[in-house]
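Engineer: Attaching a single structure in structure tokens format; questions to follow.
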Amino acid sequence: MNRLRCVALSGGVGGAKLVLGLYKAMADPAELLVVANTGDDFDHLGLHICPDIDTVTYTLGGLSNTELGWGRQDESWAFMDTLDALGGETWFNLGDRDLALHLERTRRLQSGMTLSDVTADIALRFGIDAAIAPMTDHQVHTVVETPEGSMAFQHYFVRDRCEPKVTGFRFEGAADAVPSPAVTKAFCGNGPELIVICPSNPFISIDPILAVPGMHDMLEQSAAPVIAVSPIVGGKAIKGPTGKMMDELGMDASAEGVARHYKGLIDGFVLDSVDANAAAAIKGLGLDVLVTNTVMKSLDDRVVLAREIISFSNQLKQN
Ligand code: FO1
């Protein structure tokens, strides 16, 4: 069994960019395990939908729709057009190719396969050498707390376009969940040599993963350096509601605010050059800091950042 060199925790589009960089940068991509957030998962139109697993899978499979940041490229929308004509629910868009994946995954889950096994088989069929695993095979649902009450995650994120004010989050089902088999296996024996918390939203993408009992301890007790990449650059998120959420939660919507959020779990923090002035304060939290370009526009940007993180982790191991 290849020693798992790198375990990467990821949510959707932001994290998946770095995951692709790691996948391309590593000597043997089979040594990469991507732990995908499943707190966004939900049942819709009778289908079990796993957005962050699919964003990571499509990204590593070279199939992702980079304009939308979710779903597949080369999509057609005949299903949605017909659903609309029939008066069906159309707030959540499912492309025709994407729909086949949701249907087949749902069928396999209903036949008794685990989400881990379905995810692994789909990755294989898309020619992906890295391992992609859900954070758990149990159902965990991120619930968004607002002044008007609780909301299901996709209602908040897609139907209401992240407009409601956020007062907190709950991860329903997390207490009864266990890490998925591939995650537990990755931390057995010598364990990984590098753990990366990818630049996803800390609250809705990374915290659900850390909320799975045992996950936080595995990272903390691992000999591997844990390195987080800030999803906030220059006071705002590259994409998505992270900055808005931090403001609404009364947190400092900055790279330093994210470093504080992960304090105690991480050894190193990567922040963008525009936030270089925050490096001293973040070092003051007891963290090692890498200041570099973290805005990944091209594939090369993704690979360069991944390589810098790998060498940063080698420096941390020597400290
Ligand atoms: N996000 C949207 O903003 N609008 C959509 O219609 C939409 C459809 C969709 C279908 C499949 C899928 O895997 C993801 C989809 N997403 C859509 C993105 C999804 O809500 C987010 O990727 C995550 O839940 C947050 O990362």
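The numbers here are math on the coordinates, done by the rules we state, and not lab data. Just so you know, these numbers come straight off a predicted model, no measurement behind them. Virtual Cβ from ideal backbone geometry, glycine too; neighbours counted across all protein chains shown.
Engineer: Using only DSSP helix segments of four residues or longer, with each worth -39500 (n - 2.57), what per-residue ellipticity at 222 nm results for the chain after dividing by its residue count and rounding to 500?
Structural biologist: Per the formula, -10500 deg cm²/dmol.
Engineer: R0 = 45 Å: FRET efficiency of LEU45 with ALA281, Cβ-based, nearest 0.05?
Structural biologist: Efficiency computed from Cβ-Cβ geometry: 0.45.
Engineer: Let me ask another. Show me, for the range 267-275, the HN-Hα J-couplings you get by feeding each phi into the Karplus relation (A = 6.51, B = -1.76, C = 1.60, θ = phi - 60°), rounded to Hz, glycine and proline as x.
Structural biologist: 3J(HN,Hα) across the range 267-275, in whole Hz: 9, x, 9, 10, 10, 6, 3, 5, 9.
Engineer: Now for a separate question. Give the shape of the range 43-176 as rounded, prolate or oblate, defined through the alpha-carbon gyration tensor: a ≥ b ≥ c are the square roots of its eigenvalues, a/c under 1.5 means rounded, and otherwise the shape is prolate if a/b is larger than b/c and oblate if not.
Structural biologist: Because a/c hits 1.5 or more and a/b fails to exceed b/c, the range 43-176 counts as oblate.
Engineer: Same structure, new question: Choose one answer from LEU20, LEU103, LEU45: the residue with the largest mean-square fluctuation in a GNM of the chain with alpha-carbon springs under 10 Å.
Structural biologist: LEU45
Engineer: Non-local amide H neighbours of HIS48 (under 5 Å, H modeled in plane, Pro and chain starts lacking H): which ones?
Structural biologist: The list, which skips near neighbours in sequence, is THR106.
Engineer: Between beta-carbons, use under 14 Å as the cut-off and find the net charge around HIS216, counting Lys and Arg +1, Asp and Glu -1.
Structural biologist: Around HIS216, the charge tally is -2.
Engineer: Give a residue-ordered list of calculated ³J(HN,Hα) values for the range 181-188 (Karplus: 6.51 cos²θ - 1.76 cosθ + 1.60, θ = phi - 60°; whole Hz; x for Gly, Pro).
Structural biologist: These are the phi-based 3J(HN,Hα) values: x, 5, 5, 4, 5, 4, 9, 7 Hz.
Engineer: Given the pairs LYS283/LYS317; LYS24/LYS263; LYS17/LYS297, which span a C-alpha to C-alpha distance of over 19 angstrom in this model?
Structural biologist: LYS24/LYS263
Engineer: A follow-up question, please. Of the candidates THR90, THR294, THR106, which one comes out as most mobile in a Gaussian network treatment of the chain with C-alpha springs shorter than 10 Å?
Structural biologist: THR90
Engineer: Classify the range 231-277 as rounded, prolate or oblate, taking a ≥ b ≥ c as the square roots of the eigenvalues of its Cα gyration tensor: rounded when a/c is under 1.5, otherwise prolate if a/b is larger than b/c and oblate if not.
Structural biologist: oblate
Engineer: Cα to Cα, under 13 Å, and not fewer than 8 places away if on the same chain: which aspartates and glutamates meet these conditions relative to LYS244?
Structural biologist: The qualifying aspartates and glutamates are GLU163, ASP252.
Engineer: Skipping prolines and chain starts, which residues have an amide H placed within reach, meaning under 5 Å, of the one on VAL270, given they are 5 or more residues away or on another chain?
Structural biologist: When sequence neighbours closer than 5 places are left aside, the close amide H contacts are ALA228, VAL229, SER230, LEU290.
Engineer: Apply the a/c threshold of 1.5 to the C-alpha gyration tensor of the range 47-94 and tell me whether it is rounded, prolate or oblate.
Structural biologist: prolate
Engineer: Given H placed on each backbone N at 1.01 Å, which residues far from ILE132 in sequence or on other chains put an amide H within less than 5 Å of it?
Structural biologist: Here VAL34 satisfy the definition.
Engineer: For the range 129-213, which trypsin sites (Lys or Arg not before Pro) are in a loop by DSSP, counting at most 14 other Cβ atoms within 10 Å?
Structural biologist: Of the trypsin sites (Lys or Arg not before Pro), the ones in loops of the range 129-213 whose Cβ has at most 14 other Cβ atoms within 10 Å are ARG161, LYS165.
Engineer: Evaluate the Kirkwood expression for the hydrodynamic radius of the range 22-77, namely the inverse of the mean inverse distance over all pairs of different C-alpha atoms, and round to one decimal in Å.
Structural biologist: It is 12.7 Å.
Engineer: Please identify the helices of the chain, taking whole runs of DSSP H, that span at least 24 Å along their own axis as judged from the Cα atoms and have a mean Kyte-Doolittle score of -1.0 or higher.
Structural biologist: Span-like helices here: 299-318.
Engineer: A follow-up question, please. Which of the listed residues, ALA27, PHE42, ALA16, is farthest toward the dipole's positive end in the range 1-50, when Lys, Arg count +1 and Asp, Glu count -1 at the beta-carbon?
Structural biologist: Among ALA27, PHE42, ALA16, the one farthest towards the positive end of the dipole of the range 1-50 is ALA27.
Engineer: Under the definition of Cα pairs under 8 Å and six or more residues apart, what whole-number percent is the relative contact order of the chain?
Structural biologist: 20
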